[in-house]
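Values quoted throughout were computed directly from the atomic coordinates according to the rules given, and no laboratory measurement underlies them. A quick note: this is a predicted structure, and the numbers were derived from the prediction, not measured. In this analysis, Cβ positions are derived from the backbone assuming ideal geometry, glycine residues included, and neighbour counts consider all displayed protein chains.
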Amino acid sequence: MLGFIEIDAPFWDGSAVRDLFFRFKQRGRAVKMVGSCNGLVCVTLYNHKDFYIWNPSTGAHRKLPDPEVSPDGGTYKYGFGYDSSSGDYKVLVASYGARNPGHFLGSEGKLFSLKRNSWIRIQVLDNPYESYYSAGILCNGALHWEVVLDEPYKCQMIVAFNLAEEKFINVPYPSIPIEEYDEEEEVIDICFDGLRNLGGRLCFTCYRSNFVDLLVMMEYGVQQSWERMFKVVCDDPFGLFMNLFALWSSSAGQFVGIYKRQELMRKFFEEETHETFVFCRHPDGWEAVVFAESLLSPNDYDLDDV
């Protein structure tokens with residue numbers, strides 16, 4: 001099912017959800033969200049082919065040439081965003097071969113340019129790594145993934161792909177000063193999850209022993225600038241708010257996120273209650289992106305003039 005709901009619509013009213021018509025949806029194939037930018041949404045039907053850039057508001061769409069990456073990749077990483085330095089939209093797909101104990105079977109990466117209407121090969125990370133989510137988070141002109149490096153030791157970090165420079169960089173992971181821990185709070189009780197873009201800044205959900213923090217990077221690339229945007233006190237954060245991913249927030253303190261990958265949740269942080277809307281009961285959950293309605297078309301580029 002493809003549908004959308006206005007961000008201010010009441011979540012308890014199922015009639016507020018409107019269907020989206022995606023002309024090239026195939027029976028038995030889930031539409032995977034690659035990313036959203038300036039009213040355009042990039043989706044794919046397979047791990048290695050059938051990529052589309054689509055305007056859900058107008059229905060305008062453009063099928064991309066297939067990137068011709070290996071269909072046998074163990075994992076795939078995707079991303080979609082706008083490169084303001086060249087006025088170009090770009091799509092990244094990286095294929096990481098299946099791993100056996102002590103062995104890594106290789107990787108390859110491709111980058112698509114809407115202006116060029118073609119893919120080019122790019123250098124991906126040498127170290128094999130695990131990523132919690134395949135779709136990169138667009139922020140500050142780069143795509144971001146929360147990853148765990150296998151070598152030289154297990155280490156959590158943020159890896160980013162700069163769309164203008166077309167290369168990978170590292171972005172500082174948040175750290176909580178020890179003086180901020182509660183006296184009875186164990187370090188093991190604190191974990192970060194759900195890297196997202198919230199209001200133009202990178203955001204993490206931070207689970208504590210008796211509350212949940214939403215941390216944002218106030219100054220891009222500066223580790224010391226990670227700050228708490230919201231604090232949600234609850235009796236059982238690991239039961240109630242685990243798997244809470246940020247989608248949108250307002251200056252008035254309204255927050256919208258994905259809860260358990262099956263529901264939308266809205267909460268006003270000055271209020272104790274929250275409302276949810278069950279969008280999907282599928283065990284694998286569902287995906288969502290935020291997009292602003294626009295008339296921009298992926299076909300605006302005249303390929304004969306490029």
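Results, tabulated for the structure shown:
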read-out	value
At R0 = 30 Å, FRET efficiency that the Cβ-Cβ distance of residue 164 and residue 254 yields, to 0.05	0.35
Gain on full stretching of the segment that runs from residue 300 to residue 84 - 0.36 nm per residue minus C-alpha separation	76.2 nm
Förster radius 22 Å - calculated FRET efficiency between residue 30 and residue 290 (Cβ-Cβ, nearest 0.05)	0.65
Pairs beyond 32 Å (Cα-Cα), from 77/115; 25/231; 32/115	25/231
Relative packing of 27-34, 197-204, which averages over residues the other C-beta atoms within 10 Å, highest first	197-204, 27-34
Projected label distance in nm at residue 275 and residue 7, using a 7 Å step from Cα toward the beta-carbon	1.7
Potential extension, residue 224-residue 157 segment - 0.36 nm per residue separation minus Cα distance	22.6 nm
